[in-house]
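Taking it in order: structure first as structure tokens, then the write-up.
The values are calculated or read from the model by the stated rules, or taken from the named source; none is laboratory data. This structure is a prediction, so every number in the text was calculated from the model and none was measured. Reconstructed Cβ throughout: ideal geometry from the backbone, glycine too, with neighbour counts over all protein chains shown. Side chains included, ligands, DNA and RNA excluded: accessible areas come from the protein's heavy atoms. Shrake-Rupley method; radii C 1.70, N 1.55, O 1.52, S 1.80 Å.
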Amino acid sequence: MAKSEKSWEKRLSGEPDPLTVNFVESLSHDTRLYKYDIAGSIAHARMLGDQKFITRDEFKEIKDGLLEISEEISCGRFKFDKTYEDIHMAIEAALVAKIGDTAKKLHTGRSRNDQVATDIRLWMRDEIELLQAGITGLQKAFVKLAANYSDDVMPSYTHLQRAQPIVIGMYLLSFVEQFERDFLRLGNCSKLLNISPLGCGAIAGSTLALDRKSTASQLGFSDICYNSIDATSDRDFCAEFIFDCALIGAHLSRLSEDWILFSSNEFGFVKISDSFCTSSSMMPQKRNPDVLELIRGKTGSVYGSLMAMLTILKGQPSGYNRDLQEDKVHVFSACDSVKACVEIARAIVGNTKFNIKKIAAGLDKGFLDATGLAEYLVVRGVAFREAHGIVGALVADCEGQDKSLAELSLDDFKRHCDKIEQDVYEHLGASNLVGKYVTEGAAGPRQAKEQVAYWMSELAKR
Ligand code: ARG
């Protein structure tokens, strides 16, 4: 649309420079807000009708026109033109073209500043629901897999060195916990953002008696923003949303890193289904975990969006500034990436198998039972620090003889500590030891089964 066609604008002389047109437009990324923009406009128009700023018939004309435009956009018939700047202006201009002068009443008491703030909140509220559903699906996939492996033992790692034995089920459920916090964080973000800025205008509200509570309730907001200056410039929720996405990414990325390592020949712990691997253009033997690597990589991009969003906010004076238009670039990009990652992670988890035999064959390496042995001594009256020293010396002996602790004779043990008796062998070996874990939340088979049952019933409610 040429400048002259923006019939309501009389302030600026002449046409905008084409450079300006291309530079200020946001239509190339904000068209996805159209449904929310139209819903917001219909609510606003209905309220204008109720408050007698427009007639009932005018409201109906506006509403029908907007619904037609919505239909045109959704089936791809709508012609987007960058000179309209953004989705809000594009729809308004299309309404003027469609129904004429009545359309010019729609923007009564409204600014693009409260309009765009309303649209992003509505969009984000829906996206959070979708993302939460994705997370629930992913959690369910983990729980299902954990149920298959609640008795099978694997090594745990700290500093990527063998630590203590754990059951695989409990390892898998550790991700369910992480994603549960992500789920709750998103829910909290949704609760905080679900208040309506509509009716706050450009910054100061309006001299017209707009019924803000009416538009808020029509749009499903739980309340209205009570400060028009804050309402039109607040993007806390955008930063928070991207942060929530970034943490989901962090969790997915750590999972990816684990499974990239675990699927290597060096570990050989898991087999990721061929459907989620790619081959090499040159090396015929290759079976690469590219999907997991891309999840890890995309997480880096989401962190970038978070930094960008925070930086966009930091230097702005109070009130709306056009800088804020850049929020959507990063919010959309973070959302799209994380949604895609969650979806494919769920499919991968649902199709991964642990190589129990290979894992079991290596369990006597790395002294996974050393801490358990120290605790055995504690129960027999040895102070923990002393027990730590005794077991440390035993491990050093074993290393010299290339043996595991379970392979030492009772005499070998007695030489280090006379409190050790024949029953020590029940505490040695990774598989024996996991059955001895008694603390709540420990990584043993009893706890794994309890937690699988808990999560199954909990997630079934969603
Ligand atoms: N597309 C703009 C945005 O995303 C709409 C607001 C423009 N407002 C203004 N006063 N120029 O923020």
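Assorted remarks:
- Put a dot 7 Å past the Cα of H159, heading toward its Cβ, do the same for E72, and the two dots end up 6.8 nm apart.
- Within the chain, longest stretch clear of exposed chymotrypsin sites (Phe, Trp or Tyr not before Pro) (DSSP loop, no more than 15 other Cβ within 10 Å): 227-462
- Mean-position separation - Cα centroids, segment 200-219 and segment 79-153, in angstrom: 21
- Rounded to 10°, Cα long-axis angle of helix 112-148 versus longest principal axis of the chain: 20
- Options G137, I73, A231, ranked by Cα towards positive dipole end of the chain, top entry (Cβ charges): I73
- Angle between the chain longest axis and helix 87-99 axis [Cα atoms, degrees, rounded to 10]: 40
- Within the shell of other residues whose beta carbon sits under 13 angstrom from the beta carbon of L19, the net charge comes to -2, with Lys and Arg scored +1 and Asp and Glu -1.
- Probing with 1.4 Å while keeping every protein chain in the model, the per residue accessible area of segment 192-245 equals 41 Å².
- Surface composition of the chain: carbon and sulfur make up 53 percent of the accessible area, probe 1.4 Å.
- When both segment 374-434 and segment 308-322 are represented by their alpha-carbon centers, they are found 61 Å apart.
- On the basis of the beta-carbon distance and an R0 of 30 Å, D230 and K144 show a calculated FRET efficiency of 0.10.
- Based on protein heavy atoms only, segment 305-380 ends up with 47 Å² per residue of surface accessible to a 1.4 Å probe.
- Helix 34-50 and the longest principal axis of the Cα set of the chain meet at an angle near 50°.
- Per residue, segment 103-146 exposes 28 Å² of accessible surface when a 1.4 Å probe is rolled over the protein heavy atoms with every protein chain present.
- Straight-line cross-link reach from K10 at under 18 Å between alpha-carbon atoms covers these aspartates and glutamates, not counting any fewer than eight positions away in the same chain: E85, E92, D101.
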